[in-house]
């Protein structure tokens, strides 16, 4: 595998709206084209000048401050594009980073809501070593480069790519990976936040084996302190979480869910670390339930009653009981501690799943655990009451601008 680079936060990325391009500057009369090295050196010596010049990357319609040089496209999706780039402000010390541009954001309500949530969560959780760091933000309005630009630390691969590669890792590596995920999740859950989309593709991995949870676009705060209802704003949303890592209650029940849906996803990731492929690969929601049943067996009547849904009763009403498959038949190399932990994570009853504080204390993680390095979020529960005010496209647009400005003020102090 190629090298991975995990960066520390760069506190001085500038945000300027001037769109003078580097090419136009080099092509000014009287300026020789071979002066590009001198330009780079002068930009490194003068960050303000670097911010006044824009670099254009046509392949992805990117416009960035002059001190950044886009290297390549890392990925594309419905949200936009992610590229790798180099910050060239320090001569001889180029710093890699990732830049995500969210396109069409100001014309789609769902994209604006997810962007606001992600920005708020990344800002709220900044500083934890197992959560990706946001370095800076920028809004570009000039077409075709317009969008929300998120400057983040660069980690070249995600855990899905590592799992499905030919790279070999031992049980110690599996413990080390799982422990980091759980430490990051402990920090998140301590703020009464559910990630809601944990999966290997949303966990970044460096070449040194450091993991960072990313993609908070579906995350939600659930503290009842900031809700109009006594139980908190945790109403079920069926599409939450990628299907293969989706807890069964998200498919079978309409009752409020809890942090236990993230715990289920952790169990799926642990199983995938051993099997090198997803454990439950359903082609649709009903098939997903069937795949779970093949492994965990049919849920008991008490659990079915707890789901309290006609859909659940209909699926299991045949009376044909499916027996649970022992873990060693699926993963022959699974030790007793790993088997027990999987039993405590992947269970039909969400109330029986371990809490994140209990996972870090499980014997499976004893070899890699550092109890002095498992902080909870010191800022307390996440305040999501702002969502009540976001009742129009205009208010959503204003909220994004305010969030960008607030972040920039923080990094400049």
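Just so you know, all these numbers are worked out from the coordinates, no wet-lab data involved. In this text, all values refer to a predicted model and were calculated from it rather than measured experimentally. Heads up, the Cβs are rebuilt from the backbone with ideal geometry, glycines too, and the neighbour counts pull from every protein chain shown.
Against the compact-protein benchmark of 2.2 N^0.38 Å, the Cα-based radius of gyration of the stretch 91-193 scales to 1.32. Which of rounded, prolate or oblate describes the stretch 157-373 when judged by the alpha-carbon gyration tensor and an a/c cut-off of 1.5? Because a/c hits 1.5 or more and a/b fails to exceed b/c, the stretch 157-373 counts as oblate. Full extension of the chain segment joining residue 109 with residue 392 gains 101.0 nm, where the gain is 0.36 nm per residue of separation less the Cα-Cα distance. Look at where the Cα atoms of the stretch 135-200 and of the stretch 240-295 average out, and the two centres are 19 Å apart.
Pairs of alpha-carbon atoms within less than 8 angstrom and 6+ residues apart define the contacts here; what relative contact order does the stretch 257-413 have, in percent?
For the stretch 257-413, the relative contact order is 23 percent.
The relative contact order of the stretch 157-373, computed from alpha carbon pairs under 8 Å that lie at least 6 residues apart in sequence, is 22 percent. Going from the residue with the fewest nearby Cβ atoms within 10 Å to the one with the most, 86, 261 rank 86, 261. In terms of surrounding Cβ atoms within a 10 Å radius of their Cβ, 156, 314 rank from fewest to most as 314, 156. For the stretch 264-385, what class follows from the C-alpha gyration tensor (a ≥ b ≥ c being the square roots of its eigenvalues): rounded when a/c is under 1.5, otherwise prolate if a/b is larger than b/c, else oblate? Oblate, since a/c reaches 1.5 and b/c is not below a/b. For the stretch 74-134, rounded, prolate or oblate, judged on the Cα gyration tensor with a ≥ b ≥ c (square roots of eigenvalues), a/c < 1.5 rounded, else prolate if a/b > b/c? It comes out oblate by the Cα gyration axes.
Summarising the label geometry, the points placed 7 Å from Cα in the beta-carbon direction at residue 343 and residue 73 lie 4.9 nm from one another. Take the Cβ atoms of residue 410 and residue 277, set R0 to 35 Å, and the FRET efficiency comes out at 0.25. Legend: ranking of residues 161, 196 from fewest to most surrounding C-beta atoms inside 10 Å; resulting order 161, 196.
Considering every pair of different Cα atoms, what Kirkwood radius, in Å, is found for the stretch 123-163? Result for the stretch 123-163, one decimal place: 12.5 Å.
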